[in-house]
C-alpha cells in the first residue's frame, strides 16, 4: 500500500524534477579542474636554447629555488627576452564563439637586499599587429626589503593573474624583463616557472532548483513521517 501511495503522489513530481536536477549534478561531478599545458616554451628555464629570443643567463644558486635553474639577466641596467604564440584554428574558433579566458603565473624574486625587479608581461595583438591589451606580473608587488636565499616554487613569491583574451586576438607576445635598481653590477630580478594557458570561460552559477524539485524534497520528508506514524499503529 505504501509503495502504491508513493508512486501515485511523487512519480509526476520526479518526472518534472529530474530532468532539471540531473544536469547540475553531472556538471558538478565533472568539474574537477585539470591544469592546461603552458603555451610558453621553456618557461622553467631548464634548457637555455629553447623558446626565447634575446640574451640571458641561467642561475640556480644564491638564491636557490627548488625547481632548478631560473632566468637571470646578468650585467646591464635592463634586459628583456621574448617569444610569440600564434593562436591555432581551434583557439580562434573558441575565441569567436564562447570566448577565451587565460591564466598567467610565475615565481618572481630577487637577490638578497637589492631591489632589482623582474616583470613577466603578455601582449595581445590582432592580425594587423594592433595591440589589443596586456597584463603583467611584477616582483616589486611582493618586495619587502629583502629576499629569501631559498625559494619554494609556488610559495611566497608566486604570483598569478587571469582575465579574458580580447576579441580579435591573433597572437600573443610574452616578455620577461629585469631592471637593476641599485647596488652591485648584475641585474638581479629573477623569474622562474613562467606559465600561461587558455581556458574556456567559467560557467554561470547553477540555476536554482525548480519548484517541483522542492516539492519532491518536502514530499519525501512527509512520507518519512507517514511511515513512522504507520509503524506505531497497533496491529
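Looking for something touching a strand residue (DSSP E or B) at 6+ places or on another chain (Cβ under 9 Å) and modelled with pLDDT under 95 - is there at least one such residue anywhere in the stretch 91-106?
no
Checking the conditions here, which among 177, 134 is surrounded by 13 or more Cβ atoms within 10 Å (Cβ to Cβ), free of Cβ contacts under 8 Å to residues at least 24 places away in the same chain, part of a strand (DSSP E or B) and touching a strand residue (DSSP E or B) at 6+ places or on another chain (Cβ under 6 Å)? Before you say what the answer is, go through the steps one by one.
Working: 177 fails: free of Cβ contacts under 8 Å to residues at least 24 places away in the same chain.
Among 177, 134, only 134 is surrounded by 13 or more Cβ atoms within 10 Å (Cβ to Cβ), free of Cβ contacts under 8 Å to residues at least 24 places away in the same chain, part of a strand (DSSP E or B) and touching a strand residue (DSSP E or B) at 6+ places or on another chain (Cβ under 6 Å).
Out of (1) under 21 Å from the mean Cα position of the chain (by Cα); (2) in a strand (DSSP E or B), what's the single condition that is false for residue 92?
Failing condition for residue 92: (2).
Every residue in the stretch 32-82 that is surrounded by 11 or more Cβ atoms within 10 Å (Cβ to Cβ), at positive phi and out of contact with any strand residue (DSSP E or B) (no Cβ under 6 Å at 6 or more places or on another chain), please.
Across the stretch 32-82, the qualifying residues are 42, 68.
Is one or more of the residues making up the stretch 97-106 over 21 Å from the mean Cα position of the chain (by Cα) and farther than 30 Å from residue 206 by Cα? Before the answer, list the steps.
Keep residues of the stretch 97-106 that are over 21 Å from the mean Cα position of the chain (by Cα), which gives none.
No; the residues of the stretch 97-106 include none that is over 21 Å from the mean Cα position of the chain (by Cα) and farther than 30 Å from residue 206 by Cα.
Determine whether the stretch 108-128 contains at least one residue that is touching a residue at least 24 places away in the same chain (Cβ under 8 Å), in a loop (DSSP other than H, G, I, E, B), farther than 17 Å from residue 183 by Cα and within 20 Å of the chain's Cα centre (by Cα). Write out each step before concluding.
Step one: filter the stretch 108-128 for residues touching a residue at least 24 places away in the same chain (Cβ under 8 Å), giving 108-127.
From the residues that got through so far, the ones that are in a loop (DSSP other than H, G, I, E, B) too are 111-116, 127.
In the following step, the residues that additionally are farther than 17 Å from residue 183 by Cα were identified as 127.
Now drop any that are not within 20 Å of the chain's Cα centre (by Cα), which leaves none.
No, because not a single residue in the stretch 108-128 is touching a residue at least 24 places away in the same chain (Cβ under 8 Å), in a loop (DSSP other than H, G, I, E, B), farther than 17 Å from residue 183 by Cα and within 20 Å of the chain's Cα centre (by Cα).
With the structure loaded, tell me whether residue 117 is surrounded by 14 or more Cβ atoms within 10 Å (Cβ to Cβ), under 28 Å from residue 169 (Cβ atoms) and at pLDDT below 95 or whether it fails that test.
yes
The values are calculated or read from the model by the stated rules, or taken from the named source; none is laboratory data. All values reported here derive from a predicted model rather than from experimental measurement. All Cβ positions, glycine included, derive from the backbone under ideal geometry; neighbour counts span all protein chains shown.
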